[in-house]
Amino acid sequence: MLEGFLSPSLAVVALSLVAAGSWGTSDFGGGLLGRRAPMLGVLVATQGIGLLIALAIIVARGEPILHGNDLLLSVVAGLGASVGVGALYRGLAVGRMGVVAPVAAVLTALTPAVAGIVLDGLPAIVVLGGMGLAIVAVVVVSAAPGHDDGRPSGLPLAILAGLTLGAMSVLISRIGDEYLLAPLAMIRAVQVAVFVVVILAGRQAWRLPRSTWRLAAFVGTVDLVGNIAFLVAVRQSLATASVLSSLYPVITVLLAATIVRERMTRSHAAGVVLAGIAIALIAGGSSI
């Protein structure tokens, strides 16, 4: 991929930013979908579309079938993704978004970052500083003013979401390099199966209006692109890829401000600036 044009370390930075941009965009689109259709239906549709695209590319590439430990890792990662996404959306629904969003985002970044340092060793001090600043940027951008409205904090759900989604990143980083789309397809297949079971068991609403399918297809495709970029990057540097890709809330905030004219607060603007500095530190340190 980008390794032919950039050094391996800078390629990790570039791919991680592609992942962050894709996830931030898909989250924004998913948020718009959630306003127009049942959330479980949105999850099934977007993940199902991603699954179909991944399967088509797998067949075209002649990618080998998952087996053994790689198959097990992909299935477990899919279950973790289902729990993580479910806990995140439940936490955002019943708890305080200003607590749930930043805690989940930071833990999603920190869990694989710590694992990456243990497995791959410490990066350069400049990169470490950039990683720390990136985490601060995620907190600043994700946080919202709190309100004493009687809602529970949602902290346990946020912790569950962050730890499981972070652990999923660690799992997919251990999958064999001969695979590209196969692990992502399996993860999506497990997610779709879990969400369908929840819909059927709880008789939950799920049908999407026909007018939303084009946006659902876009969200599912962009999300898949982000996961491909992350999978390639995380195999090179688990810590750097995990922290940089966690900057996706910055993209969501920028899109909300420019497309739906959502007001950007000073703290949001400060978070965007911090994210830019963090990227420069990590990229500069990676080129040393």
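The values are calculated or read from the model by the stated rules, or taken from the named source; none is laboratory data. As the structure is a prediction and not an experimental result, all values here were calculated from the model. Methodologically, a virtual Cβ is constructed for each residue, glycine included, from the backbone with ideal geometry; neighbour enumeration extends over all protein chains shown.
Could you list all residues from the range 201-219 that are surrounded by fewer than 16 Cβ atoms within 10 Å (Cβ to Cβ) and in a helix (DSSP H, G or I)? Spell out the reasoning first.
As a first pass, look at the range 201-219 and keep what is surrounded by fewer than 16 Cβ atoms within 10 Å (Cβ to Cβ): 201-205, 207, 209-211, 213-214.
Of everything in the range 201-219, those that are surrounded by fewer than 16 Cβ atoms within 10 Å (Cβ to Cβ) and in a helix (DSSP H, G or I) turn out to be A201, G202, R210, S211, W213, R214.
Filter the range 18-48 down to the residues that are farther than 25 Å from T258 by Cβ and surrounded by fewer than 21 Cβ atoms within 10 Å (Cβ to Cβ) and list them by number. Explain how you work it out, then say what you get.
Here is the first cut: in the range 18-48, the ones farther than 25 Å from T258 by Cβ are 38, 40-41, 43-45, 47-48.
Result: P38, L40, G48.
Take the residues in the range 165-185 that are among the hydrophobic types (A, V, I, L, M, F, W, C) and assigned to a loop (DSSP other than H, G, I, E, B), then tell me which one is surrounded by the most Cβ atoms within 10 Å (Cβ to Cβ). Quick ask: steps written out before the conclusion?
The initial filter retains those residues of the range 165-185 that are among the hydrophobic types (A, V, I, L, M, F, W, C), namely 165, 167-168, 170-172, 175, 180-182, 184-185.
From what's left, assigned to a loop (DSSP other than H, G, I, E, B): 175, 180-181.
Details: I175: 24, L180: 18, L181: 21.
Checked the range 165-185; the qualifying residue surrounded by the most Cβ atoms within 10 Å (Cβ to Cβ) is I175.
Any chance you could count how many residues in the range 13-43 are farther than 16 Å from L88 by Cβ and out of contact with any Asp or Glu (no Cβ under 9 Å at 6 or more places or on another chain)? Explain how you work it out, then say what you get.
Initially, the range 13-43 is screened for residues farther than 16 Å from L88 by Cβ, giving 13-22, 25, 29, 32, 35-38, 41.
Now restrict to residues that are out of contact with any Asp or Glu (no Cβ under 9 Å at 6 or more places or on another chain): 13-21, 32, 35-38, 41.
Number satisfying all stated conditions: 15.
Of the residues V232, V198, V222, which is surrounded by fewer than 24 Cβ atoms within 10 Å (Cβ to Cβ) and over 30 Å from V136 (Cα atoms)?
Details: V232 fails: over 30 Å from V136 (Cα atoms); V222 fails: over 30 Å from V136 (Cα atoms).
It is V198.
For the range 115-129, check the following and say yes or no: at least one residue is modelled with pLDDT under 90, within 23 Å of G176 (Cβ to Cβ) and buried (at least 18 other Cβ atoms within 10 Å of the Cβ). Give the derivation first.
So in the range 115-129, the residues modelled with pLDDT under 90 come out as 115-129.
Adding the requirement that they be within 23 Å of G176 (Cβ to Cβ) leaves 115-121.
Checking the rest, the ones that are also buried (at least 18 other Cβ atoms within 10 Å of the Cβ) come to 115-116.
Scanning the range 115-129 turns up at least one residue that is modelled with pLDDT under 90, within 23 Å of G176 (Cβ to Cβ) and buried (at least 18 other Cβ atoms within 10 Å of the Cβ).
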